[in-house]
Amino acid sequence: MTVVLYWMSISHPSQVARKMLELKGVEYELVDVVPLNQRIHLRLAGFSGGTVPALKLAGKRIQGSRRIARALDERWPEPPLFPADPALCARVEEAERWGEEELQPIPRRLFRYGVARNPELRQWVVRAQHLPIPALTAQAIRPAVEWYLRTVEADGRRASEAGVRADLAALPALLDHVDRLMGDGTLTLDPPNAATLQIMASVSLLGRFVDLAGLVASHACAEPARELFPRFRAGLPPFLDPEWLEPVRVAPTT
């Protein structure tokens, strides 16, 4: 049976899907989807939606890391992504939902805002993706990036200045919540469950933003997130307004 994962390396939900396949020991083919081209690429591949991750499995086409988690657990039960105990499973499923709907949009929204509004960051991203003629390509992709700025995420916010500032204000409490989920046993590490993967991919990516590295590193979830998701590339250069970063500043230790 051929298993094919359509993904983007810069996409944290894609990293979740790839990690699940590896934990299950499933052999798979990897198809790189060019950023900003995913809607066309995936429709041509027969998927109904235009987002990654997307998986071809046993004649089915499955999109979204949460749907993929359930499809993989049904096909390959070990190691399980969801616990057998009903009460604990309900907690894991709720944490997984929270991770996708409330935490996952934040790094994506910050990234989109920065790439749209900061020409230097846009060129940096183009070079990091090994696209040709960085200066020209960075200018050419701006209309597509501007289109994504208008996307309303599951939490109801867009990648506007107001949305980004709200994200930064909310982020310390969200990371505190991740630490609590680790502390009460909802997020397991050996093996990681579906909620662990859903949440830790976002934490790992947030930690690669130079603007946010100090805040993320001050939380207990930072180290396991880096260990689970080491594939994210070098840190994203600073691009956020220093005034906006006040809510995420970490007091120096003495």
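Below is a table of values for the structure above.
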{"item": "In the range 146-192, residue surrounded by the most Cβ atoms within 10 Å (Cβ to Cβ) [restricted to those that are in contact with a helix residue (DSSP H, G or I) (Cβ under 9 Å, 6 or more places away or on another chain) and β-branched (Val, Ile, Thr)]", "result": "178"}
{"item": "Hits in the range 1-20 (condition: over 21 Å from residue 125 (Cβ atoms) and either surrounded by fewer than 21 Cβ atoms within 10 Å (Cβ to Cβ) or among the hydroxyl-bearing types (Ser, Thr, Tyr) (or both))", "result": "1, 2, 3, 4, 19"}
{"item": "Residue tally, condition of a type in the set (Ser, Thr, Tyr) and closer than 25 Å to residue 90 by Cβ, over the range 135-190", "result": "2"}
{"item": "Counted residues, the range 193-208 - those being crowded, with 21+ Cβ neighbours inside 10 Å and either charged (D, E, K, R) or not in a helix (DSSP H, G or I) (or both)", "result": "1"}
{"item": "Test result for residue 160, within 30 Å of residue 189 (Cβ to Cβ) and of a type in the set (Ser, Thr, Tyr)", "result": "no"}
{"item": "Number of the exception - residue 64 against (1) surrounded by 20 or more Cβ atoms within 10 Å (Cβ to Cβ); (2) within 25 Å of residue 152 (Cα to Cα); (3) in contact with a strand residue (DSSP E or B) (Cβ under 9 Å, 6 or more places away or on another chain)", "result": "(1)"}
{"item": "Qualifying positions in the range 138-179 - assigned to a helix (DSSP H, G or I) and either among the small types (Gly, Ala, Ser) or in contact with a strand residue (DSSP E or B) (Cβ under 9 Å, 6 or more places away or on another chain) (or both)", "result": "138, 140, 144, 162, 163, 166, 169, 170, 173"}
{"item": "Which listed residue, of 227, 223, is part of a helix (DSSP H, G or I), more than 19 Å from residue 177 (Cβ to Cβ) and either free of Cβ contacts under 8 Å to residues at least 60 places away in the same chain or among the basic types (Lys, Arg) (or both)", "result": "227"}
{"item": "Answer residue from the range 48-75, given it is among the hydrophobic types (A, V, I, L, M, F, W, C) and out of contact with any Pro (no Cβ under 8 Å at 6 or more places or on another chain) and is modelled with the lowest pLDDT among those", "result": "58"}
{"item": "Flag for residue 180 being of a type in the set (Lys, Arg), closer than 28 Å to residue 69 by Cβ, in contact (Cβ under 8 Å) with a residue 24 or more places away in the chain and in the same structural domain as residue 128 (by TED's automatic domain parsing)", "result": "no"}
{"item": "Residue match in the range 76-93 (condition: loosely packed, with under 14 Cβ neighbours inside 10 Å and either modelled with pLDDT under 95 or under 21 Å from the mean Cα position of the chain (by Cα) (or both))", "result": "no"}
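Matching residues to (1) touching a helix residue (DSSP H, G or I) at 6+ places or on another chain (Cβ under 8 Å); (2) assigned by TED's automatic domain parsing to the domain that holds residue 131; (3) not charged (D, E, K, R):
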{"site": "26", "(1), (2), (3)": "yes, no, yes"}
{"site": "40", "(1), (2), (3)": "no, no, yes"}
{"site": "54", "(1), (2), (3)": "yes, no, yes"}
{"site": "67", "(1), (2), (3)": "no, no, no"}
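The values are calculated or read from the model by the stated rules, or taken from the named source; none is laboratory data. Being a predicted model, the structure only gives us computed values, none of them experimental. When we count neighbours, we look across all protein chains shown, and the Cβ atoms used for this are built from the backbone with ideal geometry, even at glycine.
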